[in-house]
């Protein structure tokens with residue numbers, strides 16, 4: 001779900017991001033996956049699995065997973081809700097992400113169902129159910145999604161829907177445990193439909209959005225070979241989750257956190 005031509009500090013400064021780590025990472029290799037970095041020992045995940053890449057097959061053991069997601073960069077407690085404002089200079093959309101109390105079995109793994117809704121002028125644009133689970137090392141795995149796009153109240157596309165283990169689709173990583181700058185990974189893989197990849201850029205960013213100011217923020221560069229000219233940077237704050245997404249190319253779209261709410265119990 002994330003989308004190379006490079007813009008760096010000037011764009012990020014305008015987006016409300018102050019670099020604390022020297023964002024030279026942003027100008028190199030995000031779309032290509034950072035060369036040999038994934039094989040380096042420092043990129044190995046805690047727990048039973050290596051970072052996945054490309055179309056490589058991975059066999060996940062259901063015994064290694066839980067729908068209870070506690071990764072500090074995006075804790076997904078049921079009942080939690082994030083509200084975002086997304087604009088590309090031409091239109092403005094409201095995005096809400098809500099962690100449901102529902103689970104779904106995906107190839108034997110009990111996954112948490114997360115509901116993502118996009119509206120423009122109050123009209124439904126996109127309605128998506130994502131499926132996530134956390135391994136015993138603390139990494140959040142992305143196991144699939146059921147997505148629908150709407151026009152005038154009618155479903156016009158289901159493109160991008162996929163499920164781990166169905167028709168060759170492979171699971172990916174949403175957020176790795178103990179992220180290290182320079183490490184890259186597959187986020188999802190369904191040939192020709194969903195082939196997103198991410199690279200860790202920094203864990204020391206300072207980000208200011210409508211919901212507040214956050215320090216020691218995780219920054220990622222997200223891209224896909226399906227649209228190689230598109231690059232997006234995402235920022236995750238500890239204890240909060242996604243706080244900002246900035247389209248580096250081609251249109252400079254910006255999605256920022258407006259409000260986050262969590263259940264009391």
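Given the Cα-Cα distance of residue 258 and residue 90 and 0.36 nm per residue of separation, how much length would full extension add, in nm?
58.5 nm
To check my understanding: the extent here is largest minus smallest coordinate of the Cα atoms along each principal axis. What are those three numbers for the range 83-132, in Å, largest first?
43, 17, 15
Given the Cα-Cα distance of residue 227 and residue 191 and 0.36 nm per residue of separation, how much length would full extension add, in nm?
Using 0.36 nm per residue and subtracting the Cα-Cα distance, I get 11.6 nm.
Between residue 178 and residue 146, what length comes free when the chain is fully extended (0.36 nm per residue of separation minus the Cα-Cα distance, one decimal in nm)?
Using 0.36 nm per residue and subtracting the Cα-Cα distance, I get 8.7 nm.
What's the center-to-center distance, using Cα atoms, between the range 77-108 and the range 109-175 in Å?
When both Cα centres are located, 9 Å separates them.
Take residue 100, project a point 7 Å from its Cα along the Cβ direction, then tell me which residues of the range 43-87 have their backbone nitrogen under 16 Å from it.
The answer is 67-68, 77-82, whose backbone nitrogens lie closer than 16 Å to the label point.
In nm, to one decimal, how far is the modelled label at residue 206 from the one at residue 58, with both set 7 Å along Cα→Cβ?
Modelled inter-label distance: 3.4 nm.
Answer rounded, prolate or oblate for the range 111-256, using the Cα gyration tensor with square roots of eigenvalues a ≥ b ≥ c: rounded when a/c is under 1.5, else prolate when a/b is larger than b/c, else oblate.
Oblate is the answer for the range 111-256, as a/c is 1.5 or above yet b/c matches or exceeds a/b.
In the P(r) worked out for the range 115-154, what percent of Cα pairs fall beyond 11 Å?
Result: 67 percent of Cα pairs exceed 11 Å.
A short reminder: the numbers here are calculations on the coordinates, not readings from a lab. This one's a predicted model, so the numbers in the text were calculated from it and none came from an experiment. Using ideal geometry, Cβ is built from the backbone for each residue, glycine included, and neighbour counts are taken over all protein chains shown.
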